[in-house]
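Participant: Below you will find the structure I want to go over with you.
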Amino acid sequence: MKISEAATASGCNLETIRYYEKVGLLPETGRRPNGYRDYGPAEVRQLRFIVRGRALGFSLQEIRALLDLSARSDLPCSQVEQIARAQLSSVKERISELQKVASELECVIQSCGRASRGTCTILDALQHAG
């Protein structure tokens, strides 16, 4: 299938597919006589893996490691679990940080007296950090 078909089948943008090939996350595929890339089911599966990994917040480096581990059926799952646990910890940390930001925004918004722009507490809070 052509790159546009692989993009549709995998849910990955075609420019992103080209980037993944460029950085070696996805092996370069063969080319048709007309020069178009030719993708098969294996490449689409790998793209879906990458897309799902990105949706879960894994970095490209982590996805590369997970792809390498997925190709090695002789390895225990503990290495995969370690990467997933580290990602979960990172996600929980970001959630905590975002909850603090949301709380601060709520306070700033609640203190807004809908006054003129010269006395706007929201703009004042943005100008005076801390």
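The values are calculated or read from the model by the stated rules, or taken from the named source; none is laboratory data. The shown structure was predicted, so the numbers you read here are calculated from the model rather than taken from an experiment. Note that each Cβ is placed from the backbone with ideal geometry, even for glycine, and that neighbours are counted across all protein chains shown.
Participant: Kindly check whether there is at least one residue in the range 80-103 that is farther than 23 Å from Gly11 by Cα, modelled with pLDDT under 90 and surrounded by 10 or more Cβ atoms within 10 Å (Cβ to Cβ).
Facilitator: Looking through the range 80-103, none of the residues is farther than 23 Å from Gly11 by Cα, modelled with pLDDT under 90 and surrounded by 10 or more Cβ atoms within 10 Å (Cβ to Cβ).
Participant: Then there is this: Report yes if Val108 is surrounded by 10 or more Cβ atoms within 10 Å (Cβ to Cβ) and in contact with a Leu (Cβ under 8 Å, 6 or more places away or on another chain), otherwise no.
Facilitator: Working: surrounded by 10 or more Cβ atoms within 10 Å (Cβ to Cβ): yes; in contact with a Leu (Cβ under 8 Å, 6 or more places away or on another chain): no.
Judged against the criteria, Val108 is not a match.
Participant: Quick test for you: out of Ser59, Ser70, pick the one residue that is of a type in the set (Gly, Ala, Ser), closer than 29 Å to Arg85 by Cβ and touching a helix residue (DSSP H, G or I) at 6+ places or on another chain (Cβ under 8 Å). Quick ask: steps written out before the conclusion?
Facilitator: On the way: Ser59 fails: touching a helix residue (DSSP H, G or I) at 6+ places or on another chain (Cβ under 8 Å).
The conditions single out Ser70.
Participant: Quick test of your reading of the structure: Leu25 fulfils all but one of (1) outside any loop (DSSP other than H, G, I, E, B); (2) touching a Lys or Arg at 6+ places or on another chain (Cβ under 8 Å). Name the failing condition by number.
Facilitator: Failed condition: (1).
Participant: Within the range 55-72, take every residue that is exposed (fewer than 13 other Cβ atoms within 10 Å of the Cβ) and of a type in the set (D, E, K, R) and give me the one that is modelled with the highest pLDDT.
Facilitator: Restricting to residues being exposed (fewer than 13 other Cβ atoms within 10 Å of the Cβ) and of a type in the set (D, E, K, R), the top hit is Asp68.
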